[in-house]
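One structure below.
The values are calculated or read from the model by the stated rules, or taken from the named source; none is laboratory data. These numbers come from a predicted model, not from an experiment. As a convention, Cβ positions derive from the backbone with ideal geometry for all residues, glycine included, and neighbour counts pool all protein chains shown.
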Amino acid sequence: MKVFMSHSGIDKPFVERLAGDLRTRESIDAWLDKWEILPGDRIATKLEEALSSASIFLLILSPESVNSKWVSYEKDVWLTQLIEEEMRAKQESRTPNRRLIPVLYKDCEKPAFIKPLLYVSINDHNYENGFQQLVRGIRGESGKPPLGGKTNAEVIYSSPQQQSSLSVVPKKLAFNLLKILLLPQFLEVVFLYDMESSYLPTNVSQIEKISVLINYALQKEGNSLSDLLKTIYEVAPHLKR
């Protein structure tokens, strides 16, 4: 999953921190012009290539960005591509795989076209909470607690070595393990877990399929995440360490 970060150059320090955290902490491929556009490159061409390959458009909102010509250009290119994707998705009877997520960094007058959208507020005062909310939004996770009164701090499955360690978040553990699997291994997990393949969306990244599988597990009765983790370890026993 590639994330394009549209922003004003004045907000670069914040955006660079955010992009770096998405990449290093969450393995989300955040695209930042500072890292990708080299001397001699055609700026508009590089931007259009990045926008074309991105599935998420993060619009970093601030008084400077809403008045930026480059941000306006990126937004126009993205919306054009989004309309084309929505038309293709309708013809193919599937859900569009491109989304725009507004990120409010500094208070400003929000552009009319994003006012219907729920935005994420991230600044220096609420960075961690905002960051986690953004990550859930990128991955399409609601953050809704599972049924049955279980807490996310419970250890639902572990090897003997893991049992002596601190509690882990089962949902996060399952997500990280599934990311490591090759596609055939992932499909084997889906099969052994008795999840009908029709539940998995087509033409989306494996990360998005992982989110669907985990949300499916959360909705099942019983200790469903534990069963999912056991299935993962059955398919890939080398991950039990």
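Listed conditions (1) under 16 Å from A19 (Cα atoms); (2) hydroxyl-bearing (S, T, Y); (3) touching a Cys at 6+ places or on another chain (Cβ under 6 Å) are all met by S62, apart from (1). Taken over the stretch 106-119, the criterion of being more than 19 Å from the chain's Cα centre (by Cα), surrounded by 12 or more Cβ atoms within 10 Å (Cβ to Cβ) and part of a loop (DSSP other than H, G, I, E, B) is satisfied by K106, C108, K110, P111.
One residue stands out among those in the stretch 9-38 that are among the β-branched types (V, I, T) and part of a helix (DSSP H, G or I): the one that is surrounded by the most Cβ atoms within 10 Å (Cβ to Cβ), which is V15.
Quick check on my filter: what residues within the stretch 74-100 are assigned to a loop (DSSP other than H, G, I, E, B) and touching a residue at least 40 places away in the same chain (Cβ under 8 Å)? Write out each step before concluding.
Start the filter on the stretch 74-100 by keeping residues that are assigned to a loop (DSSP other than H, G, I, E, B), which leaves 92-98.
Passing the criteria: E92, R94, T95, N97, R98.
Taking the numbered list (1) at pLDDT below 75; (2) within 19 Å of the chain's Cα centre (by Cα) in turn, S167 passes all entries but (2). Taken together, V71, V103 contain a single residue that is modelled with pLDDT of 90 or more, over 21 Å from I207 (Cα atoms), in contact with a strand residue (DSSP E or B) (Cβ under 7 Å, 6 or more places away or on another chain) and assigned to a helix (DSSP H, G or I), which is V71.
Among residues of the stretch 136-154 that are of a type in the set (S, T, Y), none has a Cβ under 7 angstrom from a residue that is modelled with pLDDT of 85 or more at a sequence gap of 6+ or on a separate chain. Per this entry, L51 is counted among residues that are assigned to a helix (DSSP H, G or I) and crowded, with 18+ Cβ neighbours inside 10 Å.
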